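Report on the structure given below.
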């Protein structure tokens, strides 16, 4: 029986959300759209209803969530109800029910925050010599690609079957202080953290990826593997 994968829909465009659905269905999973709710009862129902969860990319979280500071580059904030929902559901999934969690882009940052970590409010102005990690504003469909190297004991080496991977980047924030209990799983060549994983991956799949495998799973070899593992 295929696993039911709950996908949190905070996307501004339907096409963006459906990229995640297609990635899950391509590897035999059953995708379940989860609509944000202000009701804690609905959050609990959703946490119980699926076998595993994907927290997708989206606008920025408010910096007070991670002890950050206002920054002029923070222009597009996630709706407050959706933000509260993301934190409530992620904590219910990861800490209370110990179900598999995959966080992508904003979902990776969310994972780091609920473990007590922090973010760069804007890595392009705060990290000297960092790559340009955002998409080019004039070419929104063009992927910005770069290399990430997996750390020495990273489970991503076994998952992807290699020591490094070519990934796509479309973010201006990233992990600053790693949350307690998480471990760095991949780094870009400029030192930016590109993946973190939970304290017991063998028994509880908890993974955050800063890149977007849902846009590459059918185009670049290897990127479907993370969805395969989540479904299994």
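Among all positions in the stretch 1-16, there is no residue which is surrounded by 16 or more Cβ atoms within 10 Å (Cβ to Cβ), in contact with a helix residue (DSSP H, G or I) (Cβ under 8 Å, 6 or more places away or on another chain) and more than 25 Å from residue 217 (Cβ to Cβ).
Examine the stretch 161-172 for a residue that is under 26 Å from residue 30 (Cβ atoms) and over 16 Å from the mean Cα position of the chain (by Cα), and state whether such a residue exists. Checking the stretch 161-172: at least one residue is under 26 Å from residue 30 (Cβ atoms) and over 16 Å from the mean Cα position of the chain (by Cα).
Looking only at the stretch 153-169, decide whether some residue is out of contact with any strand residue (DSSP E or B) (no Cβ under 6 Å at 6 or more places or on another chain), surrounded by fewer than 22 Cβ atoms within 10 Å (Cβ to Cβ) and closer than 27 Å to residue 77 by Cα. No; the residues of the stretch 153-169 include none that is out of contact with any strand residue (DSSP E or B) (no Cβ under 6 Å at 6 or more places or on another chain), surrounded by fewer than 22 Cβ atoms within 10 Å (Cβ to Cβ) and closer than 27 Å to residue 77 by Cα.
Only a single criterion out of (1) over 16 Å from the mean Cα position of the chain (by Cα); (2) touching a residue at least 40 places away in the same chain (Cβ under 8 Å); (3) in a loop (DSSP other than H, G, I, E, B); (4) farther than 26 Å from residue 93 by Cβ is not satisfied by residue 135, namely (2). In the set (1) closer than 26 Å to residue 24 by Cβ; (2) surrounded by fewer than 12 Cβ atoms within 10 Å (Cβ to Cβ), residue 55 fails one condition alone, (2).
For the stretch 209-226, check the following and say yes or no: at least one residue is assigned to a strand (DSSP E or B) and within 13 Å of the chain's Cα centre (by Cα). Scanning the stretch 209-226, I find at least one residue that is assigned to a strand (DSSP E or B) and within 13 Å of the chain's Cα centre (by Cα), so the answer is yes.
Among residues of the stretch 103-116 that are within 18 Å of residue 52 (Cα to Cα), those with a Cβ under 6 angstrom from a residue that is in a helix (DSSP H, G or I), sequence gap 6+ or separate chain, pair up as 103/110; 103/111; 110/86; 110/90; 114/90; 114/91. Inspection of the stretch 25-47 identifies no residue that is within 30 Å of residue 219 (Cα to Cα), under 14 Å from the mean Cα position of the chain (by Cα) and modelled with pLDDT of 95 or more. The residue of the stretch 67-84 that is surrounded by the fewest Cβ atoms within 10 Å (Cβ to Cβ), among those that are in contact (Cβ under 8 Å) with a residue 60 or more places away in the chain and within 16 Å of the chain's Cα centre (by Cα), is 82. Residue check: residue 116 meets all listed conditions (1) in a loop (DSSP other than H, G, I, E, B); (2) closer than 30 Å to residue 229 by Cβ; (3) in contact with a strand residue (DSSP E or B) (Cβ under 9 Å, 6 or more places away or on another chain); (4) at pLDDT 95 or above but one, namely (3).
Looking at the stretch 28-52, which of its residues are part of a loop (DSSP other than H, G, I, E, B) and crowded, with 19+ Cβ neighbours inside 10 Å?
Taking the stretch 28-52 and keeping what is part of a loop (DSSP other than H, G, I, E, B), we get 28-29, 35-39, 50-51.
Within the stretch 28-52, 29, 36, 50 meet the criteria.
Among the residues of the stretch 86-102, the ones that are buried (at least 18 other Cβ atoms within 10 Å of the Cβ), more than 11 Å from the chain's Cα centre (by Cα) and either free of Cβ contacts under 8 Å to residues at least 60 places away in the same chain or not in a helix (DSSP H, G or I) (or both) come to 6 in all.
The values are calculated or read from the model by the stated rules, or taken from the named source; none is laboratory data. Remember, it's a predicted structure, so these values are computed and weren't measured experimentally. When we count neighbours, we look across all protein chains shown, and the Cβ atoms used for this are built from the backbone with ideal geometry, even at glycine.
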